[in-house]
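Following: one structure in C-alpha cells, then a few remarks.
The values are calculated or read from the model by the stated rules, or taken from the named source; none is laboratory data. As the structure is a computational prediction, the values presented were derived from the model and not from experiment. Ideal geometry is used to build each Cβ from the backbone, glycine not excepted, and the neighbour counts take in all protein chains shown. SASA here: full protein model, heavy atoms, side chains in, ligands and nucleic acids out. Shrake-Rupley method; radii C 1.70, N 1.55, O 1.52, S 1.80 Å.
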Amino acid sequence: MALEEFYGAIGGDLDDVRSRLLTDERVEKFVRAFACDPTFAALEEAYAAGDAESAFRAAHTLKGIGRDLGFTALQASARDLADALRADGEGRFGSLQAAEALHERTRTDHEAVMTAMPVLDR
Amino acid sequence: MTASTDRTRERQTILVVDDSAMNRALLADMLGDGYRIFEAENGAEALGQLYEHGNDISLVLLDIVMPEMDGIEVLRAMHANGWTREIPVVMVTSETAADTVERAYELGAADFIDRPFDINIVRRRVTNTIMLYAKQKVLVGMVADQMYERERTTDLMISILGHIVEFRNGESGLHVQNVNTITEMLLESVAATTDRYGLDEGAIALITMTSSLHDIGKIAIPEAILNKPGRLTDEEFALMKTHAAIGADMLVDLPVDAEEPLLKTAYEICRWHHERYDGGGYPDGLAGDDIPLSAQVVALADVYDALTSERVYKEAYPHEKAVEMIVGGECGAFDPFLLERLVEIAPQLQERLCATSSLSSYPEATVRANISDHVSRCVTPSSRTLDLLDHERMKYRFFASLSKEIQFEHTTESDVVLFTDHGDHGFSLPDAVSDPLHDPQLAGLFGPQNIEAFAARLAAATPEVPCVHEDLEAPMNGSPRWFHLDARAIFSEEEPGRILGVIGKLIDIHEERSIVSDLRFKALHDPLTGLANKAHARQLVGETMDRAARAGARTMLIVVDLDLFKTANDSRGHQFGDAVLRFFASRLRESVRDDDVVARVGGDEFLVAMVAPEDPKPLVERIYSFITCVYEGFPISASMGIALSEGEPASVEPSFETRTTAYDELFGRADVALYEMKKAGRGGYAFASKASSAIRSHEERTALSAIDGPRTAAEGK
C-alpha cells in the first residue's frame, strides 16, 4: 500500500515501474536507494561551481534514474534541463543562467520525491 | 571441446560501466545471481578491467555519458585493440541521438538497451548477445580447424605426388622443394612490383603448391631415358619432351571439373613449363604473355634448380654462374620482367634454399605454418588460437605472480596508465590512472621526485636505447619500499622519435635488499658489540684520514685496552664477561661523535679514530674519564695508546697502498704507546711520539713508568 501512496503523492507511474521491475520489493528497494543517491547533490554542486559540463551529466543521470523509477515529473524536468545544457556541435555546453528556470523546476520535483519518502515507512 | 565452450557453462562475467552507482546497482540487480558482475565507474577504469581480465569478461554494459573518458571513447579503444570482436558491448543509455547510435554501431557495439530499463529486456538482450558471440566463436574455430585440416591434407597429397616423380627421376629429393621455394619467392617479388597479374596471397599459395606437380608427366617416360648419364639422342629427347603434354593430359582425364582452380593451374604448369618467351619452347610453341604466368615462373624456377643441382649428366653450377647463364639467355628466353625478379631475389635465394634443405621436416613444418598463418589471417582467431592465448596468459600470470610483478602500460594518446598487480603486496594500486604525472595517489605511492625523474629518463629514451632500469625507494604513503623498475618506451614506426607509450614492470625488491644490507652489516661488524670489526676499521680509518687530510688536520688513532678483563670472565663467568664488553663498547661509542670510528679489534682491544682537534688532549681526557666507570660492581679501567698522524696532508688523493701503510704505521705507534704504558702500570693513556713513545700517564705516572712492571696473564693482554 505504501508504494501506491508514494507514487500517488508524487504523481508517478507505478504500473509502468511494476511492469519493468517485476516485484514490489525491487521497486521499493531502489526508490529507497534513490534517497541516498548523490546525483542531485552533484547537480547543485555543479551549479554552485558554475560547471555546465558536470551539471549536464548530473541532469542526464537524474533523467535516466527518474525514468527507471517512474518519477514522471522529475524525469521530465531533468530531461528538459539536460537538453538545455547539452553541448552543441563544437563541444560548448549550454548556459547555466539560461537554464535556471528548468533547474528550479528540477529542484522542486526532486524535493517532492524526497518529501514523499517517509510515506514508505508508514 | 574447447575452452570457449567450457566457458559458456561457467558463470558469465559482465562488466557494468556507468558513472552512476545507482545505475550500476539497478543493472546488477536486474541481471541477478546468474552472473558475476564487475563494475567500473568511468572509461579508464573499464579499460583497466578489460586489460586485466581480457576474455574472462563475457559482455560489457556500457554507459555513454561519463566524465573523463566517455562510452564512445571506451568503445573506440576496444575497437582499436580488436576487443569488440571478442567481447560484445551493449550500450545502455537514454542517449538516443541518431548519430551517437550510429557511431557506436560503427565502432562495434553489439546492441543497445534503452532507458527506462525493463528487467525482461535487459536479461534477454544480455543472454542473447552472449549466446550469439559464444556460438560465433565456436563456429569460427570449427571452420578454421576444418580449413586447416583440409588444406594440410591437400598440400600433403600434392607433395607426395611430386616426390613420386622425383624419386623415379633419381633426383636429389630436393628438386620439388626448391622449385616450390623459388616459385614462391618469384611470385612474391612479382606481386610486390606490379598488380598487373592480380596476384593475391591465395593465388601465390595455389601456384606455389601446384608447382610440385610440374613433372608428373615424367612417370610415362622410360627410366632408361630419365636416368641416362650421357647426352640424349634426338629420338630420346623427343620422347622426353612429351612429359609436358602427358602430364597435362593426365589431369584432363581426371573426373573433376576442369575449372577447379587447382586443376586449372596444375594443367598450365604441367603443359607449359617448358615453353619459352620467344616461342622456342615445347610442346605448343607459345610465346610472350600467351604462356600463363604460373608456367613461366615455374619454368624459371625449374631451370635455376636444374642448373644448380648435380644431375647424372652434369655437375652443379654455382649460384652466381646459374643466374648469369639464365639472364644471358643460355637456357632459353624468359620474360625480361621475370628475369629482373630473379636478379632481385638472387641475394636471398641461395640462403633460403640452404635453409630449407637443412630442415628435414621442411614440407610438413612449412605447410603447417603457412596454412595456419593463412587461416588466422582469413578468419578471426579460432578457438585454437584463443586457447593458446589463454595458455600463454596463464603462464605469464603465473611467472609474474612468482616475481610479484606490478606491470604497467601507458599510452601517450590517452595519457592513462594501466596497472596490473600480480603480487600480494599489502597495498593497493589503482587499475587505471589518467594524467599520471599529476596524480596525487601515484605521488603518494611512488613519490613525486621518483615519478618526475622517471619521466625525464623516459623522455630521454631513444629507439636505440629505449629501456630504463633503476632501483627506487617508493614512499608508499609512509611505509617506504624498494622497487626495481624496468621500462621500455614504445616508439612510433611512422614518425621517428615519437613515443607512443611505455610498458614496464615494478618488482618488489625490498626483502632482497634488506637481506643484502643485513648480510653486509654482518660481514663488517663484530656480532657481540655491533661495532665495526678489524677489517672494517681499516677501511673506516682510511676514510677518516682522507677527511682529515682534506680539512688540513691530523688523524688521531687510539688503541684502548680493557684492563683486567680476564678477571671478569674468571670470577663471574663468560656471560658476564660478554655483558661487560657490550657495555664498554656502547660506553666507548657514546664517548665520541657519530662519525668518529669505534671498532673492536681484538678480544678486549678496541680502536677509536677521528679527525684530531688542534689540541687533542682535552678530548682524550674526556674519553678516558667517560669510559672509566663501574659496571654491576665490576670496576672498568682502560689503558689507551694514542698516535697522531704527522700533519702533512700533502697528496690530494692518497692511493690505497699509502693509505694502508699510513694506517699500519699509525696503529703500530699507538699500540707501542699502549704497550709501553701498560708496562708502566694499568689505567692511563699515553701519546706516542714519532721517535719514541713518551708516556704521559693520567695520574702522573711518570714516576711509576720507571718501574718495569711485568705484564702478567692476569692483565688480560
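What is the percent carbon and sulfur in the accessible area of region A:2-121, measuring with a 1.4 Å probe over the protein chains and ignoring ligands?
Taking all protein chains in place, region A:2-121 shows 52 percent carbon and sulfur surface.
With all protein chains in place and a 1.4 Å probe, the accessible surface of chain B carries 55 percent carbon and sulfur.
Packing order of peptides B:12-20, B:524-532, B:610-618, highest average first: B:12-20, B:524-532, B:610-618 (average count of other Cβ atoms within 10 Å over each peptide's residues). Size of region B:512-622: Rg and Dmax of its alpha carbons, in Å, are 15.5, 48. Per-residue ellipticity at 222 nm computed for the protein assembly as shown from its helices equals -17500 deg cm²/dmol, with DSSP H segments shorter than 4 residues left out and the rest contributing -39,500 (n - 2.57). Measuring between their Cα centroids, region B:403-455 and region B:302-345 lie 61 Å from each other. Which one, B:Pro88, B:Leu156, B:Phe491, projects farthest toward the positive side of the charge dipole computed for the protein assembly as shown from Cβ point charges (K/R +1, D/E -1)? With unit charges placed on the Cβ atoms, the residue in question is B:Phe491. Ignoring lysines fewer than eight residues from B:Lys264 along the same chain, the ones with Cα atoms less than 26 angstrom from its Cα are B:Lys218, B:Lys241. Separation of region B:211-252 and region B:66-107, taken as the distance between their Cα centroids, equals 64 angstrom. For region B:182-223, the square roots of the Cα gyration tensor eigenvalues, ordered a ≥ b ≥ c, give a/c of at least 1.5 with a/b greater than b/c, which places it in the prolate category.
When the charge dipole of the protein assembly as shown is built from unit charges on Cβ atoms (+1 for Lys and Arg, -1 for Asp and Glu) and taken about the Cα centre, the candidate among B:Leu442, B:Leu187, A:Gly64 whose Cα reaches farthest toward its positive end is B:Leu442.
Just checking the listed ones, A:Arg20, A:Arg57, A:Arg105: in the Gaussian network model of chain A with Cα springs under 10 Å, the one fluctuating most is A:Arg20.
Dipole orientation for chain B: of the candidates B:Gly43, B:Leu402, B:Phe112, B:Leu402 has the Cα lying most toward the positive pole (charges on Cβ; Lys, Arg +1; Asp, Glu -1).
DSSP bridge analysis restricted to chain B gives an antiparallel fraction near 70%, rounded to the nearest 5. Counting only lysines at least 8 places from B:Lys505 when in the same chain, those with an alpha carbon closer than 30 Å to its own are B:Lys395, B:Lys404.
Take every residue in peptide A:62-71, count the Cβ atoms of other chains within 10 Å of its Cβ, and give the average of those counts.
Numbers: counts 2, 2, 14, 8, 3, 5, 10, 4, 1, 0.
The per-residue average across the peptide is 5.
The residues of chain B present an accessible area of 50 Å² per residue when probed at 1.4 Å with all protein chains retained.
Can you tell me, using C-alpha contacts under 8 Å and at least 6 residues apart, the relative contact order of region B:39-154 as a whole percent?
With pairs under 8 Å counted, the relative contact order is 22 percent.
By the compact-protein rule of thumb, 2.2 N^0.38 Å, the alpha-carbon radius of gyration of region B:170-358 corresponds to a ratio of 0.99. Computed from label points 7 Å out along Cα-Cβ, the spacing between A:Glu5 and B:Glu543 is 8.1 nm. Here region B:403-515 has an Rg and Dmax of 14.0, 47 Å, counting Cα atoms alone.
Does region B:15-138 come out rounded, prolate or oblate by the C-alpha gyration tensor, with a ≥ b ≥ c the root eigenvalues, rounded set by a/c under 1.5 and, if not, prolate when a/b is larger than b/c and oblate if not? Here region B:15-138 falls in the rounded category.
About the Cα centre of region B:3-142, what is the dipole size in debye to 20, counting +1 per Lys and Arg Cβ and -1 per Asp and Glu Cβ, all else neutral? Could the numbers behind the result be given before it?
Numbers: 14 positive and 23 negative charges, 162 e Å.
Using only the charged Cβ atoms, the result is roughly 780 debye.
At 20 °C and 1.002 mPa s, what whole-number value in µm²/s does Stokes-Einstein give for the translational diffusion of chain B, with Rh from the Kirkwood sum over Cα pairs? Walk me through the intermediate numbers first.
On the way: Rh = 35.0 Å.
The diffusion coefficient I find is 61 µm²/s.
Of interest is the spacing of the C-alpha centroids, which for region B:111-187 and region B:481-549 amounts to 53 Å.
Determine the dipole magnitude for the protein assembly as shown: charges of +1 sit on the beta-carbon of Lys and Arg, -1 on that of Asp and Glu, nothing else is charged, the reference point is the Cα centre, and the result goes in debye to the nearest 20. Working shown, then result.
Values: 83 positive and 140 negative charges, 770 e Å.
Roughly 3700 debye, rounded to the nearest 20.
In percent, what relative contact order does region B:170-358 have, based on Cα pairs under 8 Å that are 6 or more apart in sequence? Relative contact order for region B:170-358 comes out at 24 percent. Straight-distance candidates among the lysines for linking to B:Lys566, with alpha-carbon spacing under 27 Å and chain neighbours fewer than 8 residues away dropped: B:Lys522, B:Lys534, B:Lys678, B:Lys679, B:Lys717.
Roughly how much accessible area, to the nearest 100 Å², goes out of reach of solvent when A and B pair up, both sides summed, probe 1.4 Å? Buried surface at the A/B interface: approximately 1900 Å².
Tell me, what is the percent relative contact order of chain B, built from C-alpha pairs under 8 Å that lie six or more residues apart? Normalised by residue count, the contact order of chain B is 7 percent. Beta bridges per DSSP, both residues in the protein assembly as shown: antiparallel share near 70 percent. Judged by the gyration tensor of its Cα atoms, with axes a ≥ b ≥ c, the protein assembly as shown is oblate; a/c meets the 1.5 cut and b/c is at least as large as a/b.
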